[in-house]
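A quick write-up on the structure given underneath.
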Amino acid sequence: MTIDVIKDRASQYWLLARFDKPIGILILLWPALWALWAAGNGKPDLLVLTVICLGVVLMRAAGCVINDYADREFDPHVERTKLRPIAAGKVKPEEALIVFVVLCLLSFGLVLLLNTYTVLLSFIAAFLAASYPFMKRYTHLPQAYLGIAFGWAVPMSFTAQMNSIPAVAWVMYLATILWALVYDTMYAMVDKDDDLKIGVKSTAILFGEYDRHIMAILQIIILGLLIAVGQMKGLGWFYYSGLLIAAGLSIYQQMLIFRREKTQCFKAFLNNNWFGMAVFAGFFLDYLWKVNF
């Protein structure tokens, strides 16, 4: 195997795992950081922080790989996905499965550095991540399953830090699931026409003409749940200021998707990175204030 071949394979695997598009990593990472700061009262253990963050990066990559494997018959017919490595014939499905297994093993190796409770939860995480891509064949709610799968980093963060899952963790987990349902519906709105043609299910199709209204209701519920998290953790005005900014971003996202234009829907999806960041900034600054003052 020549150097050029190795470089080509590495490049294709990099694209397959979507490391070239870090927005997905960030959106999945924010809830884990919310949980770590809440569980550690603003001072998460450095090893736990490192393992959870790297685990999110690796499992998101694994999720992208298995998603493209599962969608290998669909992606060539969708404008946005037809040039992905498997769809374009640059990576064989068998290669993708090997990459998926390697990424999962690397992630599991990291989790072994944590407590037994978290290791046990990691098996659930692996099952959820591996099964998520196939949900769009059987249910119109794959976006909710996405939240269940990748939001699992929330209870895992609490167990890694506290060796338990308090009630506040489940409230945050529910907020994370609903948030994923919202932002991934915005993402699905971009592919709605293609999905209808090829028979792929999504909440963008299920919600129909009420998509904006349902997402608005969900965004209000999400903010309500995050307010409850603040109450349960005794957080102050820095945290609620972050939520206020997040509320403003939610309104902005509604403005973007108002006409259901594909480019604007995708822009609304991307804007959720700032939503997650605003909430985390609230956690970070509130605990920083408590520690120093």
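The values are calculated or read from the model by the stated rules, or taken from the named source; none is laboratory data. These numbers were taken from a predicted model, which means no experiment stands behind them. Surface areas here come from the heavy atoms of the whole protein model, side chains and all, with no ligands, DNA or RNA. Shrake-Rupley method; radii C 1.70, N 1.55, O 1.52, S 1.80 Å.
Compute the distance from the alpha-carbon center of region 192-206 to that of region 123-149, in whole Å.
If we compute the Cα centre of each part, the gap is 17 Å.
Counting only heavy atoms of protein chains, what accessible area per residue, in Å², does region 24-92 have with a probe of 1.4 Å? Kindly include the intermediate steps, with their values, before the conclusion.
Values: 2650 Å² over 69 residues.
Here the residues of region 24-92 average 38 Å² of exposed surface.
How many angstrom lie between the Cα centre of region 39-116 and the Cα centre of region 155-183?
So the separation of the two Cα centres works out to 20 Å.
Mean Kyte-Doolittle of at least 0.0 plus a Cα span of 20 Å or more along the axis: flag which DSSP H helices in the chain meet both, please.
Passing helices, by number: 23-39, 46-70, 93-111, 116-131, 167-190, 211-233, 237-256, 262-292.
Just by accessible area at a 1.4 angstrom probe, what is the order of His77, His140 from largest to smallest?
His77, His140
Can you give me the % of accessible surface on the chain that is carbon or sulfur? Probe 1.4 Å, all protein chains present, nothing else counted.
Summing carbon and sulfur atoms, their accessible area is 70 percent of the total for the chain.
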